[in-house]
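Let me begin by presenting the structure, written as structure tokens, before commenting on it.
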């Protein structure tokens, strides 16, 4: 059996995956079923944008394992519901041991929910806004090793700048690139990972449907 390239690992089930999901069942499941699959639903995109903000300084697996608690605490990340949160909701969330109790990040989600209607009016939807920053082929090649994946890209930096200009918070370029990876704006499954081709097919299908 040939050795795997840097950044690839073979799981107990024999499948070759990206290195970062390790052997934890929930992380492997997230890698196999969600990461890189194109998402165009505003609520799911708002959720991911919010959770990426909470991840700042932490690992994604920490946030992933708290995701259901976050969904309960933030009304399923429906921007209209979150926009109505007030001081009592902030106090409630700061007492919720199931989430990351960071006042600045909690307040940022509420702020961003309140900014959402203006962005939707301007672009039609959060999805339309986010997908307008999808990197072109010239910006990204096919990643073969762990070192081929950048911490951010010009497109992610541009989206971060655009959101900040509209008053959104905790939307730095590295955070936005993580959103790109998770929500399918890029396909960062390494060449050789069993999920790379299925994700590529889903991205092509989305383009064909436009």
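The values are calculated or read from the model by the stated rules, or taken from the named source; none is laboratory data. Since this is a predicted model, take the numbers as computed values, not measurements. Neighbour counts are summed over all protein chains in view; Cβ atoms, including those assigned to glycine, are modelled from backbone coordinates with ideal geometry.
Taking region 128-153, which residues are assigned to a helix (DSSP H, G or I) and loosely packed, with under 15 Cβ neighbours inside 10 Å? Within region 128-153, 128, 146, 147 qualify. Checking the structure you have, find out if any residue of region 168-183 is over 20 Å from residue 207 (Cα atoms), touching a residue at least 40 places away in the same chain (Cβ under 8 Å), touching a strand residue (DSSP E or B) at 6+ places or on another chain (Cβ under 7 Å) and surrounded by 22 or more Cβ atoms within 10 Å (Cβ to Cβ). Among the residues of region 168-183, not one is over 20 Å from residue 207 (Cα atoms), touching a residue at least 40 places away in the same chain (Cβ under 8 Å), touching a strand residue (DSSP E or B) at 6+ places or on another chain (Cβ under 7 Å) and surrounded by 22 or more Cβ atoms within 10 Å (Cβ to Cβ), which makes the answer no.
Counting the residues of region 48-78 that are closer than 14 Å to residue 109 by Cβ and touching a residue at least 40 places away in the same chain (Cβ under 8 Å) gives 8. One residue is enough: does region 22-41 have a residue meeting the conditions touching a strand residue (DSSP E or B) at 6+ places or on another chain (Cβ under 9 Å), free of Cβ contacts under 8 Å to residues at least 40 places away in the same chain and surrounded by fewer than 17 Cβ atoms within 10 Å (Cβ to Cβ)? Yes, there is a match, as at least one residue in region 22-41 is touching a strand residue (DSSP E or B) at 6+ places or on another chain (Cβ under 9 Å), free of Cβ contacts under 8 Å to residues at least 40 places away in the same chain and surrounded by fewer than 17 Cβ atoms within 10 Å (Cβ to Cβ). Mind checking whether some residue in region 45-52 is over 21 Å from residue 144 (Cα atoms), surrounded by fewer than 18 Cβ atoms within 10 Å (Cβ to Cβ), out of contact with any strand residue (DSSP E or B) (no Cβ under 9 Å at 6 or more places or on another chain) and at pLDDT 95 or above? Looking through region 45-52, none of the residues is over 21 Å from residue 144 (Cα atoms), surrounded by fewer than 18 Cβ atoms within 10 Å (Cβ to Cβ), out of contact with any strand residue (DSSP E or B) (no Cβ under 9 Å at 6 or more places or on another chain) and at pLDDT 95 or above.
For residue 170, the requirement of being part of a loop (DSSP other than H, G, I, E, B), at pLDDT 95 or above, at positive phi and within 19 Å of the chain's Cα centre (by Cα) is met.
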